[in-house]
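Undergrad: Handing you a structure now.
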Amino acid sequence: MQRMTTQAEWAARAKAVLPAGGFGNFEPEFFIKEGRGSRVWDEDGNEYIDYLIGSGPMLLGHSHPEVLEAVLEYLPKGQTFFANNALGVELAEEIVKAMPCGEQLRYVSSGGEADMYAMRLARAFTGRDKIVKFEGGYHGMSAEAQMSLAPTKQVNFPLAIPDSAGIPQTVADEMLIAPFNDPDYIRSLLAEYEGQVAAIIVEPLQRIIPPEAGFLQLLREEADKYGIVLIFDEVVTGFRFAYGGAQELYGVTPDLCTLGKVIGGGFPLAATVGRQDIMAHFDKAAVGADNWLMQLGTLSGNPIAAIAGLKSLEILRREGQYDHLRNLGNQVQGMIRVALDPTGVPYRIVGDPTLFEVVFTKAEPRTYRDVLGANADLSAAWNRTLRQNGIFKSAGKTYPSLSLTEADLEVTANAITEAGKAVGQLA
Ligand SMILES: Cc1ncc(COP(=O)(O)O)c(C=O)c1O
């Protein structure tokens, strides 16, 4: 009989074959065995309410019965073909209908790839090289995206600092880094580099920091003024903030957006989406060999991911889903206020009801540097106590899912009460 394997044993095995003992994503000592609805179980049998939800994709909860049924019905027909399939076309039709900027799309397998191609498209379209990125903005793992992603050193803008080894200086030279939520800086930067900037890439809500009123609108206006391609990275916010993403919620339409996470229903699928005249650079016949952007990927448009995505979007279109999600997020935020207000500890709940985090700081964070300056010890105590009381989440984000039940909210309230006490004792 096979012996039950504990997380510690798996961690030891992982260390031998995986650098840093894991997949690079999450705390390597955790091994999730199963997820159902709002809950996950680790290899030691501990049960958690899941506020990580696969880092965003499982908005409907794990193994949603209707998504599962659609996938299981399709599976005997095959797994991947490389050639076109009808499901991928149906999903593309739905996505371009949903996204205000959507005219055409190209599939890839990860959000980071979608961002990489969006930046490359902008360069092909404009014939310019420079990209404006915001400090602390996350756009995957391409060389460009690694610039000033999580710098611990504060340098003068617009100097780009690589957050990864192995990136040539020439990449940094083409990146211009700006502080989020600083209209004056953006205006002066774009004026200085007139005619050189291909794209502005931005998370409409940067990690957890909301855009201040008018900031995204300003990016739109400035991009139009200088002929720059405006890219919204909606890998997180797409189909989460609203059915039409952050662009619908905030009422600002970019030229291109990138999507991932929710659109694959938990399978690897992402897309670069946007204006037909820009997307035309993927079509050699339309733009000619010199302007063509070669792009292919073995699993792009995978039918299993497409059917899971189609079913997920169908469920999300049902009456009241987004109100319900916001209501769940607001309920959790209310619990946090009840737990933390009496402690007198300075804190802010930063983000959107559909995605947020508690930041232990006095002033409302507007930029990456503001979040960096928050009290990390209090955050650690907060997260540790939540985990000890059955909440599974990452250190930097709380993702409510539509699968949360009244019973889950009770467990959550208790955990938050305990976390509030822990923070109060430390302060
Ligand atoms: C805003 C944003 N962009 C891009 C990515 C990269 O997506 P992926 O991990 O699918 O490459 C992420 C991943 O969390 C993200 O949050």
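Here, each number is a calculation from the coordinates, and none is a lab measurement. Computed from a predicted structure; not experimentally measured. For neighbour counting, all protein chains shown are included, and Cβ atoms are generated from backbone atoms with ideal geometry for every residue, glycine included.
Undergrad: Per 0.36 nm of contour for each residue apart, how much would the distance between V287 and A86 grow if the chain were fully extended, relative to their Cα-Cα spacing?
TA: Stretched out fully, the V287 to A86 stretch lengthens by 69.8 nm.
Undergrad: Let me ask something else about it. Applying the Karplus parametrisation 6.51 cos²θ - 1.76 cosθ + 1.60 with θ = phi - 60° to the phi angles of the range 388-395, what ³J(HN,Hα) value in whole Hz is obtained for each residue in order, glycine and proline being reported as x?
TA: Computed from phi, the couplings for the range 388-395 are 4, 10, x, 10, 9, 7, 7, 5 Hz.
Undergrad: Residue by residue through the range 183-198, what is 3J(HN,Hα) from phi via Karplus (6.51 cos²θ - 1.76 cosθ + 1.60, θ = phi - 60°)? Round to whole Hz and write x for glycine and proline.
TA: x, 4, 5, 4, 4, 6, 4, 5, 5, 5, 9, 3, x, 10, 8, 7
Undergrad: What full-extension length gain, to one decimal in nm, is calculated for R318 and V171 as 0.36 nm per residue of separation minus the Cα-Cα distance?
TA: Full-extension gain reported as 48.5 nm.
Undergrad: Expected output is a single nm value to one decimal: the length gained when fully extending between L296 and E34, i.e. 0.36 nm times separation in residues minus the C-alpha distance. What is it?
TA: 91.0 nm
Undergrad: Rg(Cα) of the range 240-365 divided by 2.2 N^0.38 Å?
TA: Here the Cα radius of gyration is 1.45 times the empirical estimate.
Undergrad: Same structure, new question: In this model, which of K261/K362; K133/K421; K133/K393; K97/K284 are farther than 29 Å apart at the alpha-carbon?
TA: Values: K261/K362 32 Å; K133/K421 39 Å; K133/K393 27 Å; K97/K284 25 Å.
From K261/K362; K133/K421; K133/K393; K97/K284, over 29 Å: K261/K362; K133/K421.
Undergrad: Say R0 is 22 Å: what FRET efficiency, to the nearest 0.05, do D341 and L372 get from their beta-carbon distance?
TA: According to the calculation, E is roughly 0.35.
Undergrad: Okay, moving on. So what are the three principal axis dimensions of the chain from its Cα atoms, in whole Å, longest to shortest?
TA: That works out to 59, 55, 49 Å along the principal axes.
Undergrad: Quick check on the chain: helices-only [θ] at 222 nm, where DSSP H runs of length 4 and up contribute -39,500 (n - 2.57) each and the sum goes over total residues. Nearest 500, please.
TA: About -11500 deg cm²/dmol.
Undergrad: Cross-link partners among lysines for K130, C-alpha distance below 23 Å, same-chain residues fewer than 8 apart left out?
TA: Those lysines meeting the cut-off are K153, K225.
Undergrad: Name the chymotrypsin sites (Phe, Trp or Tyr not before Pro) in the range 53-132 that are in a loop by DSSP and that have at most 14 other C-beta atoms within 10 Å, would you?
TA: Details: sites: Y74, F81, F82, Y107, Y117, F125; in loops: F81, F82.
Sparse-neighbourhood loop chymotrypsin sites (Phe, Trp or Tyr not before Pro): F81, F82.
Undergrad: Cα convex hull of the range 67-316: how many Å³ per residue? If you can, show how the numbers build up before the last one.
TA: On the way: hull volume 31.8 nm³, N = 250.
Given the Cα convex hull of the range 67-316, per-residue volume reads 127 Å³.
Undergrad: Okay, moving on. I need C101, C257 ordered by Cβ neighbour count within 10 Å, fewest first.
TA: C101, C257
Undergrad: Would you list, by chain and number, the aspartates and glutamates whose Cα falls below 18 Å from the Cα of K311, excluding same-chain residues fewer than 8 positions away?
TA: K311 reaches E66, E69, E73, E90, E93, E94, E319.
Undergrad: Determine the percent antiparallel among the DSSP beta bridges restricted to the chain, to the nearest 5. All intermediate terms of the calculation are to be shown ahead of the outcome.
TA: Details: 25 of 43 bridges.
If we restrict to bridges inside the chain, about 60 percent are antiparallel.
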